[in-house]
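Trainee: Before I ask anything, let me first share the structure, which is written out below as structure tokens.
Nothing in this text is a laboratory measurement; each read-out follows from the coordinates by a stated rule. For clarity, every value in this text was computed on a predicted model and none was experimentally measured. Cβ coordinates were reconstructed from backbone atoms using ideal geometry, including for glycine residues, and neighbour counts include every protein chain displayed.
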Amino acid sequence: MMDFSAYRALFPVTDTVAYLNNAAESPLNTKVRQRLDEYLALASHQPQNKPKVRPVVRQKLSEIFGGRPDEYALVTSTGVGIGIAASGYKWQKGDNVVLPVDEHWNNTFPWLALRERGVDIRLVPVDKDQRVNPDAIAAVVDDHTRMLAVAAVRFNTGFRANLKALSEIAHDKGALLMVDGIQGAGVFPMDVNQEGIDVLACAGFKWLLGMQGTGFLYVNSSVQDRIGAVLPGMFAAENDSRELRYLPDARRYETGTIANSLFHAWTAGLELLQDIGIETIHTRVLELTDRIIEGLRLKGIEIVSPVERVDERSAILSFTMGSAEANKECHEKLKANSVLVALRDGRIRVSPNFFNTEDEIDAFLGML
């Protein structure tokens, strides 16, 4: 078994709390902080020597998720990325979008807004066990479906979707698979080509070990002609103020200046993921969530997340102490005892990462 103690030491939060809320936000690690400080020092004393950030980040993203660097646009959040794809698609009367019900708001609001443009938004119920059933999706997708939108991992239950199966359903009808990657990217292997992902939007501040204000929009080169630029800025087109000539790749979706300091810092988080290996991280979080599942079952606590199939599991587990009130009370007591988890949909959500330990898991379970 890999020794994660050296990596754990990179996360100062572990000195004071048991941080089991990684699905909300990655705690800042020292490597990212050092690179942020490096940028700020240059901005203060040698602004002419600030590093070029965009090509470096695009290259790292392509190494981690596949595709080409020029298929990645840098954006500030998942919601911005999905919003660009939703707003920029060339919709026609009678088109529809299919997505599971109760997706995160970032993967809901941009689609619901399209109703104002006459697009039919089809919300598909999840199964009683909280699974997104590909058969239920397939029953709603038709020849007028233009986008099938889904989270790689559902934020409220941690259910991991079968992206390959969903891409085949979408592509069979000529539709695009649009993936909200925020709760999956960085915690289990994800390859845009192998999974058949046409569009992938993701922020950097969760499992990708960056900070808020970082993110990307991947658009496969074969479908970029279907999605127009929404807010073209100086980085989206050739430098000609008399004629608009978009760049011939995903950069057309970029707008103006981004927070270069945050993106430069993010490169250290991406490098850390590559150093450990996302497959290794995946194995580790399954070990830790196995321990949580066993502990909850021994205590007779109801697990809401579907956990029977390992290929449908992520680093997120949702459970209930019996009622929304009991869950709120439990959440507050855990926080008072320096154990950080989240409340989502009135239930408790726990989400460990590779730097967490078995002792932290056992302490958390003991407090329940």
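Trainee: Which FRET efficiency value, to the nearest 0.05, do you get for Asp225 and Thr280 by plugging their Cβ-Cβ distance into 1/(1 + (r/R0)^6) with R0 = 56 Å?
Mentor: 0.90
Trainee: Turning to a different aspect of this structure: Determine the gain in length on full extension of the stretch Lys333-Ala136; use 0.36 nm per residue of separation and subtract their C-alpha separation, reporting nm with one decimal.
Mentor: That pair, Lys333 and Ala136, stretches by 67.0 nm at full extension.
Trainee: Can you give the helix-only mean residue ellipticity at 222 nm for the chain, where every DSSP H stretch with n ≥ 4 adds -39500 (n - 2.57) and the sum goes over all residues, rounded to the nearest 500 deg cm²/dmol?
Mentor: That comes out to -10500 deg cm²/dmol.
Trainee: Another question, then. Any idea what the relative contact order of segment 1-155 is, in percent, if you count C-alpha pairs under 8 Å spaced at least 6 apart?
Mentor: For segment 1-155, the relative contact order is 17 percent.
Trainee: Leaving out same-chain residues fewer than 8 places away, which aspartates and glutamates sit with a Cα under 13 Å from that of Lys31?
Mentor: Within the straight-line limit of under 13 Å, Lys31 reaches these aspartates and glutamates: Glu271, Asp275.
Trainee: Place the peptides 352-359, 134-141, 76-83, 243-250 in order of packing, highest mean first, counting for every residue the other Cβ atoms within 10 Å and averaging per peptide.
Mentor: Going from most to least packed, we get 76-83, 352-359, 134-141, 243-250.
Trainee: Which three lengths, in whole Å and largest first, does segment 267-327 cover when its Cα atoms are put on their principal axes?
Mentor: 42, 24, 17 Å, listed from the longest principal axis down.
Trainee: Kindly identify segment 62-184 as rounded, prolate or oblate by the Cα gyration tensor criterion: order the square roots of the eigenvalues as a ≥ b ≥ c, call it rounded if a/c is under 1.5, otherwise compare a/b with b/c, prolate if a/b is larger, else oblate.
Mentor: Rounded, since a/c falls under 1.5.
Trainee: With the cut-off at 26 Å, tell me which of the pairs Lys60/Lys335; Lys90/Lys173; Lys90/Lys128; Lys128/Lys335 have Cα atoms farther apart than that.
Mentor: Check vs 26 Å cut-off fails for Lys60/Lys335; Lys90/Lys128; Lys128/Lys335.
Trainee: Which whole-Hz ³J(HN,Hα) couplings does segment 145-153 yield from phi under the Karplus relation 6.51 cos²θ - 1.76 cosθ + 1.60, θ = phi - 60°, glycine and proline marked x?
Mentor: Rounded to whole hertz, the list is 6, 10, 9, 10, 10, 7, 7, 4, 9.
Trainee: If the label point is 7 Å along Cα→Cβ of Gln59, which residues in segment 32-52 have backbone nitrogen under 12 Å from it?
Mentor: Zone members listed by number: 52.
Trainee: Please compute the net charge surrounding Val192, taking Lys and Arg as +1 and Asp and Glu as -1 over other residues with Cβ under 13 Å from its Cβ.
Mentor: -3
Trainee: Quick one: what are the phi-derived ³J(HN,Hα) couplings along segment 332-337, Karplus 6.51/-1.76/1.60 with θ = phi - 60°, whole Hz, x for glycine and proline?
Mentor: Karplus-based 3J(HN,Hα) across segment 332-337 equals 5, 5, 4, 4, 5, 9 Hz.
Trainee: With θ taken as phi - 60° and the coefficients 6.51, -1.76 and 1.60, list the Karplus ³J(HN,Hα) couplings across segment 288-300 in order, rounded to whole Hz; mark glycine and proline as x.
Mentor: Listing the rounded values in order: 5, 6, 4, 5, 5, 4, 4, x, 5, 5, 4, 8, x Hz.
Trainee: Let me ask something else about it. Applying a 10 Å radius around every beta-carbon, put 10-20, 182-192 in order of their mean neighbour count, most first.
Mentor: The densest-packed peptide leads the list: 182-192, 10-20.
Trainee: Based on the alpha carbons, how large is the Rg to Rh ratio for the chain when Rh follows Kirkwood?
Mentor: 0.98
Trainee: Grab every C-alpha pair in segment 57-126, bin the distances at 5 angstrom width from 0 up to the longest one, and report whole percents.
Mentor: 3, 15, 20, 19, 16, 14, 9, 2
Trainee: Let me ask you something else. Around Leu343, which amide H atoms from residues at least 5 apart in sequence, or from another chain, sit under 5 Å from its own amide H, with H modelled in the peptide plane?
Mentor: Arg349
Trainee: With an 8 Å Cα cut-off and a minimum separation of 6 or more residues, compute the relative contact order for segment 34-274 in percent.
Mentor: It comes to 25 percent, rounded to a whole number.
Trainee: Efficiency by 1/(1 + (r/R0)^6): what FRET value for Asp3 and Val310, r their Cβ-Cβ distance, R0 = 22 Å, to the nearest 0.05?
Mentor: Approximately 0.40, to the nearest 0.05.
Trainee: Using DSSP to call loops (not H, G, I, E or B), can you name the trypsin sites (Lys or Arg not before Pro) in segment 294-340 whose Cβ has at most 16 other Cβ atoms within 10 angstrom?
Mentor: Lys299, Arg309
Trainee: Which residues' amide hydrogens lie under 5 Å from the amide hydrogen of Met321, considering only partners 5 or more residues apart or on another chain, with H built in the peptide plane?
Mentor: Asn327, Ile348
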